[in-house]
Amino acid sequence: MSEERYGEFVLVRRHGDGGHVAELALDRPKAMNAVSSEMARSIGAACAALGADNGVRVVVLTSTHERAFCVGADLKERNSFSDADLLRQRPVARGAYTGVLELPVPTIASVHGYALGGGFELALSCDVIVADETAVVGLPEVSVGVIPGGGGTQLLPRRVGAARAAELIFSARRVEAAEARALGLVDELVAAGTDREAALSLAARIAGNSPVGLRAAKRALRLGHGLDLRAGLEVEDAAWRAVAFSGDRAEGVAAFNEKRKPEWPGV
């Protein structure tokens, strides 16, 4: 396993043969991973590097804090801001959330403890959320006079529907793990302390598949969502054409017929 640090608060670990699984660890334990301007820049920089690395097949978003995934924006920092400061900081903050959201490979959030506000929005920016039994999630922004601004008003209704998202955002309530799983706020619920292990295990299973296929499948899923069926099928067809004549497709078919594990060329 190799490690690389982005600033003081973000650590990237590469797992497995070839380092195809990248773990992006939020590492600001003294502040329960509250997202400061510096941390937001580091998340954005790490995501840009991972997205440009063709060797990365899956990204897992984790936390080094025992009791929290991420408690959201750094409100202590925000309390010192003038209006001009807040306006200047906005693109920096957005860069962290869009950095995760726009990763071209499958992404998995590994959530335990508190995932609130911007912390839950980072998880919502991933394709799959694995949570343990200690997880507490929510978007409490209206309780401090703002709104979810890291994608929450758009990503949450895409998960749970408009009415349920409205209830959760307007009430600002925190949702514990069992209810979160029942409502679809998280996708997989595992025993306390095992979320990272479960997420990395899922990532390893995904990473065994074609890197060309994974990126194309994610592109089709993301671009097709919300379109009418006819338009969505055109998005799917474009993604199919991108992989149908690839080296990965030729290798996958050959390996299947030869009853062996494929050696993906990744092109």
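Quick notes
- DSSP bridge analysis restricted to the chain gives an antiparallel fraction near 35%, rounded to the nearest 5.
- Near G184: Cβ cut-off under 10 Å, other residues only, Lys/Arg at +1 and Asp/Glu at -1. The net charge is +2.
- Sites S143 and W240, calculated FRET efficiency, Cβ-Cβ separation with R0 45 Å, nearest 0.05: 0.50
- Restricting the stretch 44-146 to trypsin sites (Lys or Arg not before Pro) in coil, as DSSP defines it, with at most 13 other Cβ within 10 Å: R67
- Overall, the stretch 19-150 carries a charge dipole of about 240 debye about its Cα centre when +1 sits on the Cβ of Lys and Arg and -1 on the Cβ of Asp and Glu, all other atoms neutral.
- 3J(HN,Hα) along the stretch 118-123, derived from phi through the Karplus expression 6.51 cos²θ - 1.76 cosθ + 1.60 where θ = phi - 60°, amounts to x, x, 5, 5, 4, 5 Hz, with x in place of Gly and Pro.
- Residue-count net charge about L139 - beta-carbon cut-off 10 Å; Lys, Arg +1, Asp, Glu -1: 0
- Annotation: peptides 119-129, 184-194, 158-168, 26-36, ranked by per-residue average of other Cβ atoms within 10 Å with the highest first, follow the order 119-129, 26-36, 184-194, 158-168.
- Among beta bridges identified by DSSP and lying wholly in the stretch 35-191, the antiparallel ones come to about 10 percent.
- Of all lysines in the structure, those lying under 26 Å Cα to Cα from K76, and not within fewer than 8 positions of it along the same chain, are K30.
- By accessible area, using a 1.4 Å probe on protein heavy atoms only, the chain has 55% of its surface on carbon and sulfur.
- Rounded if a/c under 1.5, otherwise prolate or oblate - the stretch 134-182, Cα gyration tensor axes: oblate
The values are calculated or read from the model by the stated rules, or taken from the named source; none is laboratory data. Computed from a predicted model, the values in this text were never measured in an experiment. Because the Cβ atoms are built from the backbone with ideal geometry, glycine has one as well, and the counts that use them run over all protein chains shown. Surface accessibility is based on the protein's heavy atoms, side chains included, excluding ligands, DNA and RNA. Shrake-Rupley method; radii C 1.70, N 1.55, O 1.52, S 1.80 Å.
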